[in-house]
Amino acid sequence: MSTSVLPAAHGGSSHQQAAQRAQDGQSAGLGRIIDGKALSEAIRADVARRAQALAARGVVPGLAVVLIGDNPASQVYVRNKAAACEKAGLNSRVLRLPADTSEQALLEVVQELNRDPAVHGILVQLPLPPHMDAAKVIETIAAAKDVDGFHVSNAGLLMTGKPLFRPCTPYGIMKILESEQVALRGAEAVVVGASNIVGKPMAMLLLAAGATVTLCNSKTRDLGAQTRRADVLVVATGKPGIVTGDMVKPGATVIDVGINRNAEGKLVGDVDFESARKVAGAITPVPGGVGPMTIAMLLVNTLEAAERSLQH
Ligand SMILES: Nc1nc(=O)c2c([nH]1)NC[C@@H]1CN(c3ccc(C(=O)N[C@@H](CCC(=O)O)C(=O)O)cc3)C=[N+]21
């Protein structure tokens, strides 16, 4: 192990300090844990204020959540979304359909919600049962009510840099980075996982913010070589522990999108939290990191859909 050549007083920023710690092989210093729950509560309080102003003009923002089947994890998310809406003064309606609902019947439900003026946002909970074509269902949602931001036309608008709705998880991550004052212009951002829901839109938002973006997928040859270059590392693969501390650049901001249950039934992310925290400058925990932000941004998108409904 090399010894420190820099006096402690020169380690001005937390990034420099983390880099120095890593060079020293010290694990005494730990990266800061980012409180996504607290930030999500602040955003939800702001949504509540804006919803009140809208209600005074006669519009109560309304979200419709469609849940097919009885996946227990989906039940929990949907309950959390409804509770968050209620707390912020938004109307929410949960439509529960049996697992054997036909695709045609679901499309008709979506079309009816498209026509309902009290519904400003429509979310069809994913994943859908295997007999349904998720793309077809999503494309049936009116783009102006697609608060998930999954519709092809919203994906296209995001690519042009003029999004109507930003997908909730990447949007929430941008809010985290903003609140952490992470400089993105010229930064190296590495996204692990290239899904339509998280990885790809995340890459677009980081690019729009001026980062140099690397989007990794399951075929990436040397994942560690990519992640070790990242000033900002976003991991969204659904593979617990895919990123470990030795794959993190000292001082990096690490955003863990994974939500997995381990053998003991405990929630864990895609990042090995304990080892990564020893190297990172800041890191999101699971739970209490990205998850609550996803819900907060869903409320923001629903509120903005309702605000737009007044503008024409
Ligand atoms: N059309 C659609 N849109 C979605 O946005 C969508 C979806 N389908 N299908 C499922 C995933 C998953 N998802 C989560 C949102 C919040 C938490 C969340 O708040 N998690 C808490 C913990 C929750 C717990 O204890 O289980 C946390 O991380 O602190 C998790 C997961 C949205 N999804």
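Here is how the numbers come out for the structure above:
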quantity	calculated
Cα shape, segment 60-148, gyration tensor, a/c 1.5 rule	oblate
Positive minus negative residues near PRO61 (Lys, Arg vs Asp, Glu; Cβ under 14 Å)	+4
Size of charge dipole - the chain - debye, nearest 20, with Cβ of Lys, Arg +1 and Asp, Glu -1, no other charges	460
HN-Hα J in Hz across segment 228-236 - Karplus 6.51, -1.76, 1.60, θ = phi - 60°, x for Gly and Pro	5, 8, 7, 6, 10, 10, 10, 10, 9
Theoretical ellipticity at 222 nm over the chain - DSSP helices of four or more residues, -39500 (n - 2.57) apiece, nearest 500	-13000 deg cm²/dmol
Amide H partners (placed H, <5 Å) of VAL124, local residues excluded	VAL66
Solvent-accessible area, 1.4 Å probe, carbon plus sulfur percent, for the chain	54
Neighbour-limited loop hits for trypsin sites (Lys or Arg not before Pro), segment 184-252 (at most 10 other Cβ within 10 Å; DSSP other than H, G, I, E, B)	ARG185, LYS219, ARG221
Point-charge dipole on Cβ atoms (K/R +1, D/E -1) for segment 60-148, about Cα centre, debye to 20	380
Among GLY210, ALA225, ILE173 the positive-end extreme of the charge dipole of the chain (Cβ point charges)	GLY210
Protection proxy ranking of 39-52, 97-110 - average other beta-carbon atoms within 10 Å, highest first	39-52, 97-110
Estimated D of segment 158-228 in µm² per second, where Rh is the Kirkwood radius over Cα pairs and Stokes-Einstein applies at 10 °C, 1.306 mPa s	127
ARG32 long-range amide H proximity, modeled H, under 5 Å	ALA282, ILE283
Per-residue ³J(HN,Hα) for segment 133-139, Karplus 6.51 cos²θ - 1.76 cosθ + 1.60, θ = phi - 60°, Hz, x for Gly and Pro	9, 4, 4, 5, 5, 5, 5
Per residue convex hull volume, Cα atoms of segment 109-243, in Å³	127
Residue-wise HN-Hα coupling along segment 210-222, computed from phi with Karplus coefficients 6.51, -1.76, 1.60 (Hz; x: Gly, Pro)	x, 7, 8, 10, 10, 10, 9, 9, 5, 9, 3, 5, 10
Proximal charge balance of ALA144 [Cβ under 11 Å; K/R count +1, D/E count -1]	0
Net charge of Cβ neighbours under 12 Å - reference ALA51; Lys, Arg +1; Asp, Glu -1	+1
Alpha-carbon centroid distance for the pair segment 248-312 / segment 88-148, whole angstrom	24
The chain: proportion of alpha-carbon pairs further apart than 32 angstrom, %	31
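The values are calculated or read from the model by the stated rules, or taken from the named source; none is laboratory data. Here the structure is a predicted model, which means the values were calculated and not measured. We place every Cβ from the backbone using ideal geometry, glycine too, and count neighbours over all the protein chains shown. Just so you know, the surface numbers come from the protein's heavy atoms only, side chains and all, with ligands and any DNA or RNA stripped out. Shrake-Rupley method; radii C 1.70, N 1.55, O 1.52, S 1.80 Å.
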